Each structure stands twice: as C-alpha cells, then as structure tokens.
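*Asks:* Dropping the structure in here first, questions after.
The values are calculated or read from the model by the stated rules, or taken from the named source; none is laboratory data. Predicted model only: the values in this text are computed from it and were never measured. Using ideal geometry, Cβ is built from the backbone for each residue, glycine included, and neighbour counts are taken over all protein chains shown. Accessible surface is based on the protein model in full, side chains and every heavy atom, while ligands, DNA and RNA are left aside. Shrake-Rupley method; radii C 1.70, N 1.55, O 1.52, S 1.80 Å.
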Amino acid sequence: MSKRTQDHLTRARDILDASAAKAAVGDFAFGLQAESIKAHLQDLETLQAMESVGRTYEIVDFRLIADSFKSGSVPLDVVAGAAREIRRMLGFAALRFTQGGVGRRRVPDDLYQELDLRLAGIAPGSTRLLIAAAAQRDLLDDGTAKHAIERVITVLESEGTGAAFLDSVSDLGPSGARSLREFLRILRARSSALEVTWTFAGEEIKNWLGDQETIAAITAALEATNLKEESNQVFRGVIELLSKRERIHLRSQTGELLRILFPKRLLAEVSQLHLDQEVALLCQVTETENPLTNESAHYYELLEISR
C-alpha cells in the first residue's frame, strides 16, 4: 500500500472517531459528518485492497448494481455463483488464447494456477467483487490473464449484436461464452445492472457499464448463438498482415481475405512467417450464428502451417 493511501486512511479514521464521539452526545451535524466519513473510508479501504496486490495482478472490479444490493450486502448464493462463473469464463478464455480449439470442456489445473485468480475484496456500492489475476506480462506487455479479461469484456462491449458480437464470441469460445451467459443470468434474476472496470498497475484499462436491458440483450444473444465446428481445411494464399494480436490475414487464391486466429502455442512457428509470403495453412473452420439477428460468420483458427 502506498504511503499516500495510508496517510489518507489514518486521517479519515481520526476524523471519524472525533465526529462519532461528538455525535454520541447528541450533535446532529457531527452525526452527518460521521456518515460521510464512513463512505469515504470505505472507498479508501477498497483502494487499499487493490493496492495490496501490487503491480503483479490484473484487477477486475465487477460492480453489481441493484436496489437489493444498495446496503452493501449480497446473498451468499449470488457471490458464490458469480465467483464460480467468473473463474470459469476467465479460465476458458485463457485456454482459448493459449491452446485454441472449440471443443475444450475442461480448464487444466496448471492454467488456473498460472492465472492465480483471487477475490481481492468485496466492497459496497452497490456490491463490488474485486477479482485479481496474476498478470505475468512479458517484455511486450502481453500476458495470458490480460488476453482472457479482454476477450470477456469485448463480448460485453458488443452488446449482443453485429459482427463484433459474433467475432468476440468466437474468440471467447463456447465454454467461456456459456459461463459468461450463466454469470449474466445471475444478474438478470436479481434485476441487476453491471459495471466492469479493469485496471493494471493503478491505471484503468477498460470500463464498461450495462443497464438491465443491455444485460438482458447480451444474455439472450448468448443463449441463442451457436458455434458449430464445420471442418478442417487447407487454405493457400499470400500473407497480407501479421499481428501481435494473434491474427493472420491471408489473401486466398480465390481472392477472399481470411482473418485467421492462432493460439499462443503456435507463436514460435508463426513468428517465422513474413508479409507477402505464399503459405498453406491448415485451419479449423467454425460457423457462429445468431438467430436473433439472422447474422452468421465463419471463424478460422490455425491448426498448423503446411510445408
């Protein structure tokens, strides 16, 4: 914890003690001041909890906003269910990023150990679940937890419609999307809105706020969307883009531009490719379909580079 935060906490507690003492003998004004200081103290204690995990963790603040949570308390089944689905959706997102594949049903224990997911705190306003994940960012500022969190938030940002939704669900994968859906169902059952704030090293990376209608729309889209594995195919063409965002853009022999995702396990092989190179890529082809909007898209994932 920083010295500045500690100083603020000490000062706030001293003022609270003094105000509470005067309020106890009937001073109404100091009673109001004590209540105000309590709210400020809670904010500082939340900041203290976040700082305590240092620069080595990604912090995701899931703020559940509902009338029933305004007191700062939350039913245990909501906390338990939300924590379970958050763990699973981040785990599957990380698995999709590192290993690829559509049909994976279980996150290996060693991957969960790498993520080191922790409940860093529970704070009022209405109710905030502070989830920490081990950053382990490399020299390029990339890390497994970073990409897992980003894939979950990207689905939320799409609000359940358009090509952005289909692409983000494909990137997250069916198992991760299923856990995100179950998490949103918990919120919908409580008529809750949701704010998600992602920070790292004290800086805000992303913030997303969804009201009850948006939560319902995304949940309905996730319930209806299908990811269907179609086939494995070899595509030949010329590389037009190589991205550190795990993407290859291939101009096929038919003239079509294919957006191909590759998992982290293939990074070493992909790094040997270069722009304008003619290649043959074996890909898994998946169709993502949203019946609510009559939209569909094909998704290509690299399995191996054919020589």
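*Asks:* Taking region 94-150 as the region of interest, how many residues are over 17 Å from ASN207 (Cα atoms), out of contact with any strand residue (DSSP E or B) (no Cβ under 6 Å at 6 or more places or on another chain) and part of a loop (DSSP other than H, G, I, E, B)?
*Replies:* 15
*Asks:* Taking only region 144-196 into account, find how many residues are open to solvent by 10 Å² or more (accessible area, probe 1.4 Å) and closer than 23 Å to SER68 by Cα.
*Replies:* Selection size over region 144-196: 10.
*Asks:* Now for a different question. Within region 126-143, which residues are modelled with pLDDT of 90 or more, crowded, with 19+ Cβ neighbours inside 10 Å and small (Gly, Ala, Ser)?
*Replies:* ALA132, ALA133, ALA135, GLY143
*Asks:* Anything in region 250-290 that is open to solvent by 50 Å² or more (accessible area, probe 1.4 Å), more than 19 Å from GLY173 (Cβ to Cβ) and either in contact with a helix residue (DSSP H, G or I) (Cβ under 7 Å, 6 or more places away or on another chain) or not β-branched (Val, Ile, Thr) (or both)? List them, or say none.
*Replies:* Answer for region 250-290, where residues must be open to solvent by 50 Å² or more (accessible area, probe 1.4 Å), more than 19 Å from GLY173 (Cβ to Cβ) and either in contact with a helix residue (DSSP H, G or I) (Cβ under 7 Å, 6 or more places away or on another chain) or not β-branched (Val, Ile, Thr) (or both): ARG251, GLN253, GLU256, LEU257, ALA268, GLU269, SER271, GLN272, HIS274, LEU275, ASP276, GLU278.
*Asks:* Considering only region 218-234, I want to know if a residue exists there that is polar (S, T, N, Q), surrounded by 14 or more Cβ atoms within 10 Å (Cβ to Cβ) and closer than 19 Å to HIS298 by Cα.
*Replies:* Step one: list which residues in region 218-234 are polar (S, T, N, Q), which gives 219, 225-226, 231-233.
Remaining after also requiring surrounded by 14 or more Cβ atoms within 10 Å (Cβ to Cβ): 219, 225.
Adding the requirement that they be closer than 19 Å to HIS298 by Cα leaves 225.
For region 218-234, residues polar (S, T, N, Q), surrounded by 14 or more Cβ atoms within 10 Å (Cβ to Cβ) and closer than 19 Å to HIS298 by Cα: present.
*Asks:* Enumerate the pairs (first residue in region 193-220 and in contact (Cβ under 8 Å) with a residue 60 or more places away in the chain; second residue anywhere and of a type in the set (Gly, Ala, Ser) and not in a strand (DSSP E or B)) with beta-carbon separation below 8 Å, excluding pairs fewer than 6 apart on the same chain, so at least 6 apart or on different chains.
*Replies:* From residues that are in contact (Cβ under 8 Å) with a residue 60 or more places away in the chain, the pairs are ALA193/ALA66; PHE200/ALA135; ILE218/SER158; ILE218/GLY160; ALA220/GLY160.
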